[in-house]
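As structure tokens, the structure follows; a few thoughts come after it.
What follows draws every value from the coordinates through simple rules; no lab data is involved. Only a predicted model underlies this, so the values are computations on that prediction, with no experimental measurement involved. Positions of Cβ are backbone-derived with ideal geometry, glycine not excepted, and every protein chain shown enters the neighbour counts.
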Amino acid sequence: MSESFETEPAAQSTSVVSTNDGFASRLRGFGPLGILAILIILAGNFVITPLSAILVLICAKISNTAWREIGYVRPRSWLRTILIGIVFGIALKFTMKAVVMPLLGAPPINWAFHFVTGNAAVIPVMIYTMIVVAGFGEETFYRGWMFERFGKLFGLSAAAKIAIVLITSILFASMHYPEQGLPGAEQALITGLIFGSIFAATGQIFMLMIAHAAFDLTALWMIYYDLETRVAHLIFNSP
């Protein structure tokens with residue numbers, strides 16, 4: 001009798017671990033529980049993007065998903081990663097504004113955010129939006145989480161990665177259309193393809209977070225100081 005009582009806690013512990021593992025496995029899958037988790041995360045994105053990103057991290061923790069699978073890989077050098085992200089984000093924004101968007105026939109001014117020009121009162125909210133909503137939230141949601149979910153469905157072949165980059169970029173662009181119209185969607189599609197391709201190749205998200213924030217902060221600087229038209233005409237002069 002004493003032997004059975006001594007082994008019972010171990011048996012109960014094993015049972016609890018097994019139950020937890022089963023729950024985590026179902027949460028990672030595409031059964032009813034996994035689909036419910038996907039729907040909750042998607043719903044969070046329609047409230048505000050950081051909410052969906054936070055839900056992604058919570059779900060990853062509960063489901064025992066490796067952080068590496070959503071791109072949360074510690075860089076070998078944080079300083080190098082930060083510097084590359086800042087330089088890349090700024091350079092990409094100038095390239096988009098001065099070269100790519102003019103070639104697509106986009107207007108030089110982003111009218112959706114023209115209210116920011118000279119408006120110091122909105123700068124704190126805009127900085128929060130650029131860093132937290134865009135840098136952290138959108139990259140975690142569109143690159144980290146979506147790549148992990150689609151990767152489980154399509155696999156990790158080159159063709160699958162190309163398909164995932166295309167799908168996530170289209171979704172990313174579509175979310176920018178209601179507020180910024182066609183030019184905003186075009187810019188988001190191109191940046192989504194670039195960021196998505198980098199993520200597909202490296203599997204690391206922190207540089208992209210920094211680059212995304214730097215890209216948007218550079219746009220904020222251009223808009224606040226009313227420099228959009230000047231930058232847009234750096235190469236292609238207005239008629």
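Would you mind classifying the range 10-138 by shape? Square roots of the alpha carbon gyration tensor eigenvalues, ordered a ≥ b ≥ c; an a/c under 1.5 is rounded, otherwise it is prolate if a/b is larger than b/c and oblate if not.
Verdict is prolate for the range 10-138.
Checking a compactness column here: for the chain, what do you get for Rg(Cα) / (2.2 N^0.38 Å), N being the number of residues?
Details: Rg = 21.8 Å, N = 239, 2.2 N^0.38 = 17.6 Å.
Against the compact-globule rule of thumb, the ratio is 1.24.
Under DSSP H, which helices of the chain have Cα atoms covering 24 Å or more of the helix axis and a Kyte-Doolittle average no less than 1.0?
For the chain, where a helix must reach 24 Å along its axis and average at least 1.0, the hits are 78-95, 158-202, 206-224.
Would you mind calculating the gained length between Asn237 and Val122 on full extension (0.36 nm times residue separation, minus the Cα-Cα distance), in nm to one decimal?
Full extension of this stretch gives 38.3 nm more.
For the range 126-186, what does the relative contact order come out to in percent, with C-alpha contacts under 8 Å and a separation of six or more?
22
Determine the shape class of the range 180-219: with a ≥ b ≥ c the square roots of the Cα gyration tensor eigenvalues, call it rounded for a/c under 1.5, and otherwise prolate if a/b is greater than b/c, oblate otherwise.
oblate
Under 26 Å Cα-Cα from Lys161, which lysines qualify once same-chain neighbours fewer than 8 residues away are excluded?
Lys61, Lys93, Lys152
What's the FRET efficiency of Ala43 with Ala66 using the Cβ-Cβ distance as r and R₀ = 35 Å, to the nearest 0.05?
Calculated transfer efficiency: 0.90.
Using Cα-Cα distances under 8 Å and only pairs 6 or more residues apart, what relative contact order does the chain have, in percent?
31
Could you work out the helix-only [θ] at 222 nm for the chain, with each DSSP H run of four or more residues adding -39,500 (n - 2.57) and the total divided by the number of residues, to the nearest 500 deg cm²/dmol?
-22500 deg cm²/dmol
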